[in-house]
Amino acid sequence: MTDYPEMMEMLRLPISVEARASAFYVKKEFLHEFEERFNRNFGKDFLLFSAEEMLEKQIFGDGVPHKKFRELSGDYLAVGISDKGFAYSENLPMFRSNHAGMTEQEMMVPLIVVERP
């Protein structure tokens, strides 16, 4: 993100969660502008969901949201749909793989059942 100062100025906290599903905490004065700027810079690689859309579309399931959901989920969630991920800074360690995007490969999780006598 440090390569995008025009995006960094809009954030009130560092991005969080993980590289393929990143929560963005946006300063109030930029809430309306953030979505347009984000999509211009990253729209081909990420889907962007507002906090309301996360609940509406049941991104995290259909149960009752945790009482701290709004506090922890950020104002927006960016979910990867390509081979890209976010890092707040190049100085952070990167994992070899991540799994929270919305590509078919990431969403198709095999279920293995073993029956024992």
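A compact table of results
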item: Built amide H within the under 5 Å cut-off of VAL17, gap 5+; result: ALA23
item: Stretchable slack from GLU6 to TYR25, in nm (0.36 nm times residue separation minus alpha-carbon distance); result: 5.4 nm
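None of the figures in this text is laboratory data; all of them are computed from the coordinates on show. Since the structure is predicted, the reported quantities are computational estimates derived from the model, not experimental observations.
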